[in-house]
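> Dumping the structure here so I can ask a few things about it.
The values are calculated or read from the model by the stated rules, or taken from the named source; none is laboratory data. Everything numeric in this text was worked out from a predicted model, so none of it was measured. Using ideal geometry, Cβ is built from the backbone for each residue, glycine included, and neighbour counts are taken over all protein chains shown.
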């Protein structure tokens, strides 16, 4: 029993660290700054649902899919880091480059915002996808243990949704100007995270010391 409780605690802390609900709040406020309160709540619910489905997919078939396609976890991490970097650039710059302008223009729609960038790559990003793949490793965990891991994931995402739903109170406190500032600050932070994902994967591949 103690071993089971320790495993559950480890899974919860791992998923909490990778999903990082507290730091996602400024990101959520940043990308939903142009939405009304009702639209923001709808975007929050849809984003968490889509992210949960995405992570379940990777937890169930992600390992098989990557192996079948001959894709290593390092390659997946680099690809996710590049996507995250492109998104962070669009957050920092007031006018995104033409390559991503069409995506930025669609963010006034709660559904579009929920799918991209909230569900992925903010919530279900490369780090959380890798974490769920490792925590549901078929070589180490039984089916019942994998189902338990998905239950822990649901709990963490429920807490994340609760934080998002309380964002209206925070949004009223900081105002639209504060939201715009947070968007650019968090864009820089996301850029650093994405570069770290890419560089750490390259360092591991090339057997270089960590930066």
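> Residue 144 - would you say it is at negative phi and modelled with pLDDT under 85?
no
> Under 6 Å between Cβ atoms, which residue pairs at least 6 apart in sequence (or on different chains) link something in the range 52-79 that is under 11 Å from residue 126 (Cα atoms) with a partner that is at pLDDT 80 or above and surrounded by fewer than 12 Cβ atoms within 10 Å (Cβ to Cβ)?
Nothing qualifies.
> Next up: Would you call residue 81 within 19 Å of residue 117 (Cα to Cα) and under 14 Å from the mean Cα position of the chain (by Cα)?
yes
> Now for a different question. For residue 162, work out the one condition from (1) surrounded by 15 or more Cβ atoms within 10 Å (Cβ to Cβ); (2) at pLDDT 85 or above it doesn't fulfil.
(1)
> Which residue is surrounded by the most Cβ atoms within 10 Å (Cβ to Cβ), if the candidates are limited to the range 187-211 and must be free of Cβ contacts under 8 Å to residues at least 12 places away in the same chain and part of a loop (DSSP other than H, G, I, E, B)?
Ranking the candidates gives 208 first.
> Scan the range 16-66 residue by residue and report those that are over 13 Å from the mean Cα position of the chain (by Cα), surrounded by fewer than 19 Cβ atoms within 10 Å (Cβ to Cβ), part of a helix (DSSP H, G or I) and modelled with pLDDT under 80.
63, 66
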